[in-house]
Structure formats: C-alpha cells, structure tokens
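The values are calculated or read from the model by the stated rules, or taken from the named source; none is laboratory data. Small disclaimer: the values here were computed from a predicted structure and weren't measured. Quick reminder, even Gly has a Cβ in these numbers, built from the backbone with ideal geometry, and neighbours come from all protein chains shown. When the accessible area is computed, the model is the full protein with side chains, heavy atoms only, and any ligands, DNA or RNA have been set aside. Shrake-Rupley method; radii C 1.70, N 1.55, O 1.52, S 1.80 Å.
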Amino acid sequence: MPALRGDAARTATAPMVDERLRKREASREAARTSGTTTITPWAGALHVVWGAFPNVSSDGAQATHSINPGISIPPGNPDIVYAPTLVPSGKSCIEVTTFYWQGGNGVGAWDWCAASPGFAAVAWIDSSFVSTYTTPFQGLPAYTVLDVQTNAVTNSWTAYLYNYTTSSWDALFTSADTAKLSETHGGWDMFEVYTEYNSATGQGYYCTETYGTQYHAANLQIKVGGTWSALTTGNSSVTPPGSVNSTDFGCYGLSFTLQTANSHWQVTH
C-alpha cells in the first residue's frame, strides 16, 4: 500500500512523535483517575491513556478504527493525539496508530523490533487514503487493521489495512525479532494524548483543535491458539468509563463510553 517507509517515515514524524511514543513504552497502563473536577496547570507534557487492555499474550489483533480527517493541529501546537493506537501483545513487533499532530494526520506502523524503535511506515490521511482504506462507521470514516504474527519461530509480524476498493488486505509493514518472544504481557487498543498546558484556554492545547470529534475502536479481537475472539471482560480490562474524568486528560468535555464491553470503546469531545 502507498506509504512512507524507512528513513522517509522517520523523517516525516521526527523528532516529536518518535520521542514521545518511545517514552510511552514505560507507562502503558490505563488512565489516571484522580477524581479532580478542575484543571490545575502543569509543566511539560501530560501523558494519559484510556482504552482496552488484553490480559493474555495473543498472536494477533484486529479492529475497526475511526479517523477524523478534519482535525488540523496548527504549527506551534505541541500536542500529539494517538487515537486509536493498537498493539496485540508484548511480543508484537508492530504498533499501528492513528496520529494527529502539527506535522499532519496519519496512520503509522511503529517498529518495536528495530534496534532503534520508531515509525517505519506512515500513510497520510488524505482523500486517497479515505477512499481506499475506509468505510462509513457511525458517521465517521474508519479503517480496518489486522496486526498478526506470521511466523512463530522468527516472531515475524505484519500489519495490514483492508483495501475497500479491492476487497483485500494490503501490507503496511513487516518486522521480526525473537527477543520479543520473552515479553508475555498483553497489549492495548487505546486513546492516548501527550498534552501541554495552554494558559490562554486553561486546558491542553489539543482540546481546542479536537472539539466536536469522536474516536472509536470497535470490533476488537485477539488471536489466541489459532482462534479469534472478541475482547470481553474475561480476557481484557477497561477502566470503567464512569471513573475517568475529562480533566485527567487536561481537557474539559471529553466523555468515555463502552458501547460493547470490552470490544468497542468510544471517546467523544
């Protein structure tokens, strides 16, 4: 499928996107729920997430991810929104993420098995992407992603996007590393932001540019022992939406919903 790959992908997304996603690996748990109802100014980048977290080590995952082509984060806005972003399990080589930042909007494959992890393929969200790789979903365009282990011995993984014009799967990126086989934890499909405080608005910079948007991760499935199963309360965890405050995300007006536990989460602003 058409995408920037290798050095071109890294150049297009560096340095801000690469650095923040790399730091995120150390903190992949669900969002903080402090209970505060007002936003206290903070220094630096506030990093928060919410979504579904499989509790088993799977051999693949697939999902329907909505996109918001109308988001336009202007130059000088330091924030990055990764929503949704998918990793099947700890042994996975590839994270497939939808990202919005001042450099543009895209769907990228982050290579966790590279000697220096980073974006290895980036497909920009433009009219061609929308017409080829998306279908209407609850009023938004959405793409279908398949991120699966293709060789258990070499721990090779390939991320695919479904091509709605050809009715076939197009490979976005492939990577392999046996060292990752020792990581037995589950993965995630989540809403994630890095946001800095904007004193002019009293909240994170991204809040203004993303008002009126929705983010969906639906039809979430994982592959275990050759069998595909939907995410449920038995094989995954989600912080209850009622215990997550919008202000924990440095933003007023966010709402969190589980349309189907735990295979369809929604964030609305």
Can you give the charge dipole size of segment 129-266 about its Cα centre, rounded to the nearest 20 debye, using +1 on the beta carbon of Lys and Arg and -1 on the beta carbon of Asp and Glu?
300
With every protein chain in place, segment 61-156: carbon and sulfur % of accessible area (1.4 Å)
57
With the chain treated as a Gaussian network of Cα nodes joined by springs under 10 Å, which of Leu161, Leu46, Leu258 yields the largest mean-square fluctuation?
Leu46
Charges only on Cβ, +1 for Lys and Arg, -1 for Asp and Glu: so what's the dipole of the chain about the Cα centre, in debye to the nearest 20?
200
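Sorting Lys223, Lys91 by accessible area (1.4 Å probe), largest first, what list results?
If we order Lys223, Lys91 from most to least accessible, we get Lys223, Lys91.
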Average accessible area per residue (Å²) across segment 110-269 - probe 1.4 Å, nucleic acids and ligands excluded:
40
Cα-Cα separations in segment 123-166 greater than 17 Å, expressed as whole percent:
42
Which whole-number percent is the relative contact order of the chain (Cα, under 8 Å, 6+ apart)?
28
Ignoring chymotrypsin sites (Phe, Trp or Tyr not before Pro) that are buried or in helix or strand per DSSP, and keeping those with at most 13 other beta carbon atoms within 10 Å, what is the longest stretch of the chain between them?
43-210
Alpha-carbon centroids, segment 57-109 and segment 224-250: separation in whole Å:
17
Please compute the contact order of segment 142-269 in relative form: average sequence separation of alpha-carbon pairs under 8 Å and at least six residues apart, divided by the residue count, as a percent.
18
So for segment 212-269, averaging the separation of alpha carbon pairs under 8 Å that are six or more residues apart and normalising by length, what relative contact order in percent results?
45
Along the charge dipole of the chain, Cβ charges K/R +1 and D/E -1, which of Val122, Val238, Asn163 sits furthest on the positive end?
Val238
Could you order Glu192, Glu183 so the one with the most accessible surface comes first? Probe is 1.4 Å.
Glu183, Glu192
So what is the calculated 222 nm ellipticity per residue for the chain, using -39500 (n - 2.57) for each DSSP H run with n of 4 or more, over all residues, to the nearest 500 deg cm²/dmol?
-2500 deg cm²/dmol
